[in-house]
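Heads up, the thing below is written out as structure tokens.
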Amino acid sequence: MADVAITAAKSLFIVLLVVQVMGLGVFFERKVSALIQDRIGANRAAILGFAGLGLVNTLVADPIKFLLKEDVVLAGTDHLLHFLAPVLSLVPVLVTFAVVPFGDVLRVGDRTINLQAADLNVGILYVLAMVSLGVYGVVLGGWASNNRWSLLGGIRGSAQMISYEIAMGLALIGVVLTYNTLDLQEIARAQGRLVWGWLPAWGILYQPLAFIIFLVAGVAESKRIPFDLPESESELVSGYFTEYSGAKHLMFMMSDFVEVVLVAALVTTLFFGGWQVPYLGRDGFHFPGGATLGLPSLAVVVLQVTAFALKVIAFTWLQIVIRWTLPRFRYDQLMRLGWQGLLPLSLANVMISALVVLLVERGA
């Protein structure tokens with residue numbers, strides 16, 4: 001029972017962390033875009049005169065509005081598929097966070113708790129499997145709506161997501177070759193090593209090209225500008241979920257923002273040390289030159305979780321800025337970038353990484 005309770009607590013923590021970052025991301029989405037476009041942004045809704053710079057509008061008024069709206073299902077639609085589409089869009093993204101480590105270990109008495117909801121030694125394969133399921137929500141959303149324009153958005157989305165998933169998977173192979181493991185927790189721990197005695201061995205040092213490919217493919221997977229062809233508000237209103245309202249529409253919107261947080265969490269874990277704080281070990285800081293600073297286990301965990309959250313927030317903010325500063329690709333440009341740009345680069349990165357690893361092992 002204790003193990004079940006611990007697993008449930010870790011799962012609840014990571015879900016609450018994701019929801020909080022997502023809510024903060026929605027607020028950033030409005031305010032950062034307003035700053036970029038020289039306008040105020042959401043600020044009308046208030047509680048007893050308190051608007052909170054748009055927080056009440058974003059985190060209180062909008063969710064209530066969505067949840068209280070009528071769930072309209074048009075005539076001629078498949079009701080079961082119409083219901084499953086938003087579920088299949090949101091749930092796979094949420095469960096992917098189960099393998100994302102948000103800290104190292106927490107010692108409570110004689111028990112050592114791994115700060116990861118699901119301790120899988122094939123975490124990267126799990127991530128790819130769950131991410132690939134998101135395409136079903138997009139396709140079913142367009143198909144079940146009985147609307148030719150929604151169907152067009154679904155077709156656009158499926159072609160786009162399949163194209164960029166290939167480059168994303170190949171980018172991850174470079175990371176796997178570098179750290180010789182599929183376990184995200186072990187990848188994060190391996191980045192705690194020091195290069196030349198002072199430089200943290202984060203993935204960005206070994207795989208800079210893989211980082212660029214993964215970030216671009218991740219933005220494309222989340223279907224945001226400049227890769228928002230499945231929606232293309234100026235053409236299709238909301239694309240594959242035009243005919244959705246109320247809570248179902250909210251689930252589609254949530255899936256987009258949760259995907260943004262997921263991309264930020266994976267980039268953090270794979271390329272920027274995850275929960276690692278430079279020179280911080282399980283018993284405290286160990287600085288170059290031999291200086292140390294001991295810390296209790298709980299303080300170390302708090303620093304690790306805080307570092308992980310701040311990195312995720314930074315990459316969430318970066319994706320929001322990208323959306324509001326870049327124009328949308330044409331569809332042929334989008335597909336050309338995926339197949340003729342990212343795919344050859346990712347294949348070249350895999351071959352170069354394999355060659356370097358082989359030479360290092362033979363040299364050792």
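The values are calculated or read from the model by the stated rules, or taken from the named source; none is laboratory data. None of these values were measured; they are calculated from a predicted model. Here the Cβ is made from the backbone with ideal geometry for all residues, glycine too, and neighbour counts use every protein chain on show. In case anyone asks, the SASA skips ligands and DNA or RNA and just uses the protein heavy atoms, side chains included. Shrake-Rupley method; radii C 1.70, N 1.55, O 1.52, S 1.80 Å.
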> How do the pairs read when you match residues in the range 6-27 that are more than 15 Å from Val93 (Cβ to Cβ) with residues anywhere that are open to solvent by 60 Å² or more (accessible area, probe 1.4 Å), using Cβ under 6 Å and keeping only pairs 6 or more apart or on different chains?
Replying inline: Gly23/Leu59
> Where residues in the range 203-217 are more than 15 Å from the chain's Cα centre (by Cα) and buried (at least 23 other Cβ atoms within 10 Å of the Cβ), which of them is farthest from Ala167 (Cα to Cα)?
Replying inline: Gly203
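Do we have any residue at all in the range 108-129 that's touching a strand residue (DSSP E or B) at 6+ places or on another chain (Cβ under 9 Å) and among the basic types (Lys, Arg)?
Narrowing the range 108-129 to residues touching a strand residue (DSSP E or B) at 6+ places or on another chain (Cβ under 9 Å): 112-115.
Checking which are among the basic types (Lys, Arg) leaves us with none.
Checked against the condition, which is being touching a strand residue (DSSP E or B) at 6+ places or on another chain (Cβ under 9 Å) and among the basic types (Lys, Arg), the range 108-129 yields no hits at all.
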> Is there a residue in the range 35-43 that is polar (S, T, N, Q), modelled with pLDDT under 80 and in a helix (DSSP H, G or I)?
Replying inline: no
> Residues in the range 1-24 that are within 20 Å of Phe97 (Cβ to Cβ), out of contact with any strand residue (DSSP E or B) (no Cβ under 8 Å at 6 or more places or on another chain) and open to solvent by 30 Å² or more (accessible area, probe 1.4 Å): how many?
Replying inline: 15
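Taking the range 323-342 only, how many residues are of a type in the set (Phe, Trp, Tyr) and within 22 Å of Glu29 (Cβ to Cβ)?
Selection size over the range 323-342: 2.
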> If you check every pair at least six apart or on different chains, which have Cβ atoms under 6 Å apart with a residue in the range 119-132 that is in contact (Cβ under 8 Å) with a residue 60 or more places away in the chain first and a residue that is part of a helix (DSSP H, G or I) and open to solvent by 40 Å² or more (accessible area, probe 1.4 Å) second?
Replying inline: Leu120/Tyr126
>> Suppose the filter is in contact (Cβ under 8 Å) with a residue 40 or more places away in the chain, within 30 Å of Gly169 (Cα to Cα) and open to solvent by 10 Å² or more (accessible area, probe 1.4 Å); does Val263 pass it?
In response: yes
> Can you find even one residue in the range 88-99 that is free of Cβ contacts under 8 Å to residues at least 40 places away in the same chain and either buried (at least 17 other Cβ atoms within 10 Å of the Cβ) or in a helix (DSSP H, G or I) (or both)?
Replying inline: yes
>> Can you go through Phe27, Phe50 and tell me which one is among the hydrophobic types (A, V, I, L, M, F, W, C), open to solvent by less than 40 Å² (accessible area, probe 1.4 Å) and out of contact with any Gly (no Cβ under 6 Å at 6 or more places or on another chain)?
In response: Phe27
> Restricting attention to the range 236-257, and to residues there that are closer than 18 Å to Trp324 by Cα and part of a helix (DSSP H, G or I), which single residue is modelled with the highest pLDDT?
Replying inline: Phe257
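Hey, any hits in the range 157-168 for a residue that's touching a Pro at 6+ places or on another chain (Cβ under 7 Å) and open to solvent by less than 20 Å² (accessible area, probe 1.4 Å)? Walk me through it before giving the result.
First pass over the range 157-168, keeping only residues touching a Pro at 6+ places or on another chain (Cβ under 7 Å): 157, 160.
Subset that is open to solvent by less than 20 Å² (accessible area, probe 1.4 Å): 157, 160.
Within the range 157-168, one or more residues are touching a Pro at 6+ places or on another chain (Cβ under 7 Å) and open to solvent by less than 20 Å² (accessible area, probe 1.4 Å).
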> Got at least one residue in the range 102-111 being open to solvent by 10 Å² or more (accessible area, probe 1.4 Å), in a helix (DSSP H, G or I), among the acidic types (Asp, Glu) and over 30 Å from Ala75 (Cα atoms)?
Replying inline: no
> Among the listed residues Trp317, Trp324, Trp339, which satisfies the condition of being closer than 25 Å to Ala265 by Cα, assigned to a helix (DSSP H, G or I) and either of a type in the set (Asp, Glu) or open to solvent by 80 Å² or more (accessible area, probe 1.4 Å) (or both)?
Replying inline: Trp317
> Quick one: Ala307 ticks every box in (1) assigned to a strand (DSSP E or B); (2) open to solvent by less than 50 Å² (accessible area, probe 1.4 Å) bar one, so which box is it?
Replying inline: (1)
>> Looking only at the range 169-202, how many residues end up being open to solvent by less than 40 Å² (accessible area, probe 1.4 Å) and among the hydroxyl-bearing types (Ser, Thr, Tyr)?
In response: 2
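Looking at Gly290, Gly294, Gly284 in this structure, which one is small (Gly, Ala, Ser) and either touching a residue at least 24 places away in the same chain (Cβ under 8 Å) or surrounded by 13 or more Cβ atoms within 10 Å (Cβ to Cβ) (or both)? Walk me through how you get there before you give the answer.
Values: Gly290 fails: either touching a residue at least 24 places away in the same chain (Cβ under 8 Å) or surrounded by 13 or more Cβ atoms within 10 Å (Cβ to Cβ) (or both); Gly294 fails: either touching a residue at least 24 places away in the same chain (Cβ under 8 Å) or surrounded by 13 or more Cβ atoms within 10 Å (Cβ to Cβ) (or both).
After applying the criteria, what remains is Gly284.
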>> Can you find a residue that is surrounded by 14 or more Cβ atoms within 10 Å (Cβ to Cβ), in contact (Cβ under 8 Å) with a residue 24 or more places away in the chain and touching a Gly at 6+ places or on another chain (Cβ under 7 Å) anywhere in the range 70-82?
In response: no
